[in-house]
1. Taking the residues in the stretch 51-68 that are surrounded by fewer than 16 Cβ atoms within 10 Å (Cβ to Cβ) and touching a residue at least 40 places away in the same chain (Cβ under 8 Å) as candidates, determine which candidate is nearest to ARG109 (Cα to Cα).
2. Taking GLU150 as meeting all but one of (1) charged (D, E, K, R); (2) without any contact (Cβ under 8 Å) to a residue 60 or more places away in the chain; (3) closer than 21 Å to ASP204 by Cβ, write down the number of the exception.
3. Quick check on THR47: is it modelled with pLDDT under 90, of a type in the set (S, T, N, Q), surrounded by 10 or more Cβ atoms within 10 Å (Cβ to Cβ) and assigned to a helix (DSSP H, G or I)?
4. Looking at the stretch 223-263, which of its residues are free of Cβ contacts under 8 Å to residues at least 12 places away in the same chain and closer than 21 Å to PHE60 by Cβ?
5. Under 16 Å from GLN70 (Cβ atoms), free of Cβ contacts under 8 Å to residues at least 24 places away in the same chain and more than 20 Å from the chain's Cα centre (by Cα): is that true of PRO131 in this structure?
6. Among the numbered criteria (1) more than 19 Å from ALA75 (Cα to Cα); (2) assigned to a helix (DSSP H, G or I); (3) open to solvent by less than 50 Å² (accessible area, probe 1.4 Å); (4) among the β-branched types (Val, Ile, Thr), which one does VAL189 miss?
7. Any residue in the stretch 131-141 that is open to solvent by less than 80 Å² (accessible area, probe 1.4 Å) and within 30 Å of ARG258 (Cα to Cα)?
8. Only one of SER205, SER169 is more than 30 Å from PRO62 (Cα to Cα) and either buried (at least 18 other Cβ atoms within 10 Å of the Cβ) or small (Gly, Ala, Ser) (or both). Can you tell me which?
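The values are calculated or read from the model by the stated rules, or taken from the named source; none is laboratory data. All figures in this text were calculated on a predicted structure; none of them were measured in a lab. Don't worry about glycine lacking a Cβ; one is built from the backbone with ideal geometry, like all the others, and counts go over all protein chains shown. Just so you know, the surface numbers come from the protein's heavy atoms only, side chains and all, with ligands and any DNA or RNA stripped out. Shrake-Rupley method; radii C 1.70, N 1.55, O 1.52, S 1.80 Å.
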Amino acid sequence: MIDQDRARPAIVEVGDGAAIPSKSDIGLFTAWRIAFIGAIGILVVLTITKPDPYLNILKFVPDGILVTFQVTVGAILLALVIGLVAGLGRISSNRIINGIASLYVEIIRGIPLLVQLFYIYYALGRFVHVPDMASAIIAMAVCYGAYMGEVIRAGIQSIPKGQMEAARSLGMTKGQAMRHVILPQAAKVVLPPIGNEFIALLKDSSLVSILAVADILRRGREFASESFTYFETYTVIALVYLIITLFLSKLIGIMEERISAGS
């Protein structure tokens with residue numbers, strides 16, 4: 001007789017974020033250290049040996065880094081709210097609510113983020129003017145809210161059904177059981193993938209430069225167009241993005257280890 005648990009196929013998850021380094025994966029952890037230290041080292045060497053233009057570029061982009069984080073944090077917070085609503089809707093027993101949430105997820109996931117940025121800023125601009133920063137945050141939040149909804153749905157469904165039954169047996173309503181029992185447990189499950197989505201959103205935030213939002217890429221384009229140092233400028237921009245994403249991936253790795261140790 002075949003063991004059903006062993007016969008079940010493994011689930012492979014692939015994300016757009018940077019790989020999360022773990023000490024248990026020696027190859028990946030070593031690669032992360034080489035990439036992170038190497039990127040910082042290259043950037044330092046370039047600015048010391050050839051301050052013009054590399055040091056000038058670094059002095060030109062810091063405000064773009066701030067804008068990038070503003071867009072990323074604003075979008076991820078709004079996406080979490082949208083994702084929570086969509087995730088709860090996807091598991092709702094109400095067919096109408098479930099249908100609306102499922103339709104939102106399928107439509108948004110089927111449209112590229114770049115198209116959504118253009119649609120909100122340019123197409124909807126025909127009827128109502130939305131500032132460039134607000135358009136960027138809304139478009140990215142709507143897009144990533146669909147992915148967050150699936151992450152939250154999977155997190156909630158990963159909690160054993162006995163938890164809900166035990167809470168209901170204690171006199172809790174379904175809503176109270178969800179708020180006080182299910183969601184706190186699901187939060188531990190969904191935090192790591194949400195961290196991955198945060199990194200992916202940070203990288204995709206480079207798309208907002210097309211809306212004249214002065215992020216890292218936009219500032220780099222401005223410098224390159226004035227100095228014609230395209231190779232040097234985009235080399236610095238790529239290294240800055242790499243350092244930021246690798247640093248954040250390490251923080252998420254530490255968070256995952258602490259969650260695992262505490263569970």
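1. Ranking the qualifying residues of the stretch 51-68, first place goes to ILE65.
2. It fails just one condition, (2).
3. Working: modelled with pLDDT under 90: no; of a type in the set (S, T, N, Q): yes; surrounded by 10 or more Cβ atoms within 10 Å (Cβ to Cβ): yes; assigned to a helix (DSSP H, G or I): yes.
Considered against the rule, which asks whether it is modelled with pLDDT under 90, of a type in the set (S, T, N, Q), surrounded by 10 or more Cβ atoms within 10 Å (Cβ to Cβ) and assigned to a helix (DSSP H, G or I), THR47 comes out as no.
4. Scanning the stretch 223-263 gives ALA224, SER225, GLU226, PHE228, TYR230, PHE231, ALA238.
5. Values: under 16 Å from GLN70 (Cβ atoms): yes; free of Cβ contacts under 8 Å to residues at least 24 places away in the same chain: yes; more than 20 Å from the chain's Cα centre (by Cα): yes.
Taking the combined requirement at face value, the residue satisfies it.
6. Only one criterion in (1) more than 19 Å from ALA75 (Cα to Cα); (2) assigned to a helix (DSSP H, G or I); (3) open to solvent by less than 50 Å² (accessible area, probe 1.4 Å); (4) among the β-branched types (Val, Ile, Thr) is unmet by VAL189, namely (3).
7. Of all residues in the stretch 131-141, those open to solvent by less than 80 Å² (accessible area, probe 1.4 Å) come to 131-141.
Restricting the remaining residues to those that are within 30 Å of ARG258 (Cα to Cα) gives 140-141.
Yes, the stretch 131-141 contains at least one residue that is open to solvent by less than 80 Å² (accessible area, probe 1.4 Å) and within 30 Å of ARG258 (Cα to Cα).
8. Details: SER205 fails: more than 30 Å from PRO62 (Cα to Cα).
Testing whether each residue is more than 30 Å from PRO62 (Cα to Cα) and either buried (at least 18 other Cβ atoms within 10 Å of the Cβ) or small (Gly, Ala, Ser) (or both) leaves just SER169.
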